[in-house]
Amino acid sequence: MRDYTPDDKASKIFVLIANGSTQDQMVKELGISKSAVSQRTDILQKHGYFVKKRVGIINELVLTSLGTAAIAKIARWGYNCFTYKPSMFRLHGIIAKCELLNPLDKYEPLQILDREKIRYKPDGLKNQASGVFTYNKSKAILRPRSLLLYPSEIYADDTENLYAVDNEGMNDWVKEFIDLENKLGLKFKRIDKDTLRIKILQKHIALTNNPIAKFSNNGGSRLEILDPTDGNKRIITDRSLGGDELEAVHPAYAVEDAISLYKMTEEFLVKPFNREEIIKRMKEIVNPSGSLCEPLAEVPSTSLE
């Protein structure tokens with residue numbers, strides 16, 4: 001027998017059966033023909049979601065244990081729970097940094113931006129004059145000792161292209177650092193003659209509209225899982241852009257953690273587990289086998305090409 005995934009209308013049929021609706025009532029509720037209702041109920045019966053029980057002169061539809069489990073899933077996640085797939089990855093909150101080979105004087109960053117006729121705003125830090133400006137689609141901050149880049153958020157559709165999107169994004173940052181180095185007449189620290197020393201200070205990869213995040217945000221306090229090596233946040237749940245997000249937030253492990261969280265979400269959709277199990281699995285992601293590993297401190301630009 002072929003695998004079968006109930007669609008949204010099939011999910012509504014489950015609920016109507018549980019409420020004791022007749023076939024005529026289903027036709028009215030679903031807005032489809034009587035023959036279409038019969039066809040759908042026959043498919044659901046064939047796949048074991050309910051049985052027909054003769055009651056007087058009519059056939060009553062009775063949910064099986066499989067059908068009852070489907071109802072519980074619909075009650076938790078809505079009519080699209082069977083066809084739902086974790087939506088795209090959102091890469092955001094990224095901060096990349098290049099340190100200057102020769103630090104500037106206190107007011108020199110603003111003088112350089114004025115010289116190049118770049119519109120900027122002071123960033124308000126005490127004891128130094130730093131300028132905030134836009135370059136391409138990124139926000140940048142020139143400080144006496146460094147240049148910080150805040151790239152715009154980017155999206156990946158699935159796990160297969162997450163690595164590619166992440167690498168393409170980092171290649172763009174390298175190019176922007178090199179362009180700004182030339183445009184502003186700066187010199188950044190390098191690993192070698194041709195390789196910039198770029199530090200990724202922050203990177204968030206969110207699984208948007210995520211059911212685990214929704215469960216955690218509604219069912220209790222939002223989750224924060226810390227990295228065992230440095231105590232920094234590694235996985236969090238929050239509510240952003242009007243939806244619940246499950247996020248990998250450690251710059252050294254964000255991509256790998258996000259993929260692990262995606263796989264965990266797929267398992268959760270098939271068979272939801274409780275909050276204690278969620279926390280247990282997240283801890284296994286950040287510290288597999290209890291082993292400790294050294295976090296990545298910096299990314300050479302040559303490794304991004």
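The values are calculated or read from the model by the stated rules, or taken from the named source; none is laboratory data. Worth saying up front: this structure is predicted, and the values here are computed from it rather than measured. Note that we place each Cβ from the backbone using ideal geometry, even for glycine, and neighbour counts take in every protein chain shown. Ligands, DNA and RNA are stripped out before the accessible areas are found, and what is left, the full protein with its side chains, is counted by its heavy atoms. Shrake-Rupley method; radii C 1.70, N 1.55, O 1.52, S 1.80 Å.
Taking +1 at the Cβ of each Lys and Arg and -1 at the Cβ of each Asp and Glu, which of Val37, Phe133, Gly93 sits farthest along the dipole of the chain towards its positive end, judged by Cα position relative to the Cα centre?
Val37
What percentage of the solvent-accessible surface of the chain, computed with a 1.4 Å probe over protein heavy atoms, is contributed by carbon and sulfur atoms?
Working: 8210 of 16820 Å².
The value for the chain is 49 percent carbon and sulfur by accessible area.
For Lys139 and Arg190, FRET efficiency with R0 = 22 Å and r from the beta-carbon atoms, rounded to 0.05?
E between Arg190 and Lys139, to the nearest 0.05, is 0.40.
With θ set to phi - 60°, apply the Karplus curve 6.51 cos²θ - 1.76 cosθ + 1.60 along the range 131-136 and write out the HN-Hα couplings as whole Hz, x wherever there is a Gly or Pro.
Once rounded to whole Hz, the list reads x, 9, 8, 10, 10, 6.
Just want to confirm a number: the relative contact order over the chain, from Cα pairs under 8 angstrom separated by 6+ residues, in percent. Working shown, then result.
On the way: 493 pairs, mean separation 48.2, N = 305.
Answer for the chain is 16 percent.
For the range 166-175, in order, what is each residue's ³J(HN,Hα) by Karplus, 6.51 cos²θ - 1.76 cosθ + 1.60 with θ = phi - 60°, in whole Hz (x at glycine and Pro)?
The phi angles translate into 5, 5, 4, x, 5, 4, 5, 5, 4, 4 Hz.
Compute the acute angle (0 to 90°) between the alpha-carbon long axis of helix 254-270 and the principal axis of greatest extent of the alpha-carbon atoms of the chain; round to the nearest 10°.
That helix lies at roughly 10 degrees to the long axis.
Please compare each pair in Lys97/Lys139; Lys126/Lys183; Lys52/Lys73; Lys97/Lys117 to a cut-off of 19 Å on the Cα-Cα distance and tell me which ones are over it. Write down the numbers at each step before the final one.
Values: Lys97/Lys139 12 Å; Lys126/Lys183 26 Å; Lys52/Lys73 22 Å; Lys97/Lys117 23 Å.
Those over the limit are Lys126/Lys183; Lys52/Lys73; Lys97/Lys117.
What aspartates and glutamates could a cross-link reach from Lys46, if we take a straight Cα to Cα line under 16 Å and drop same-chain neighbours fewer than 8 places away?
Asp3, Asp7, Glu60
Can you work out the accessible area per residue across the chain, with the rest of the protein chains kept in place, probe 1.4 Å, in square angstrom?
Numbers: 16820 Å² over 305 residues.
Normalised by residue count, the accessible surface of the chain is 55 Å².
For the Cα atoms of the chain, what angle does the longest principal axis make with the long axis of helix 34-46, in degrees from 0 to 90, nearest 10?
80 degrees
Helix 65-77 against the longest principal axis of the chain: what's the angle in degrees, Cα atoms only, rounded to the nearest 10?
So the helix axis and the longest Cα principal axis differ by about 40 degrees.
With an 8 Å Cα cut-off and a minimum separation of 6 or more residues, compute the relative contact order for the range 161-262 in percent.
25 percent
Would you please give the FRET efficiency between Gln128 and Leu201, computed as 1/(1 + (r/R0)^6) with r the Cβ-Cβ distance and R0 = 25 Å, to the nearest 0.05? Can you show the working numbers first?
Working: r = 18 Å, r/R0 = 0.70.
Rounded to the nearest 0.05, the efficiency is 0.90.
Express the Stokes-Einstein translational diffusion coefficient of the range 1-43 in µm² s⁻¹, to the nearest whole number, given a Kirkwood radius over alpha-carbon pairs, 25 °C and a viscosity of 0.890 mPa s.
Values: Rh = 10.6 Å.
Answer, rounded: 231 µm²/s.
What's log10 of I(q)/I(0) for the chain at q = 0.08, 0.10 Å⁻¹, Debye sum over Cα points only, no solvent?
Log-scaled intensity ratios, in q order: -0.53, -0.71.
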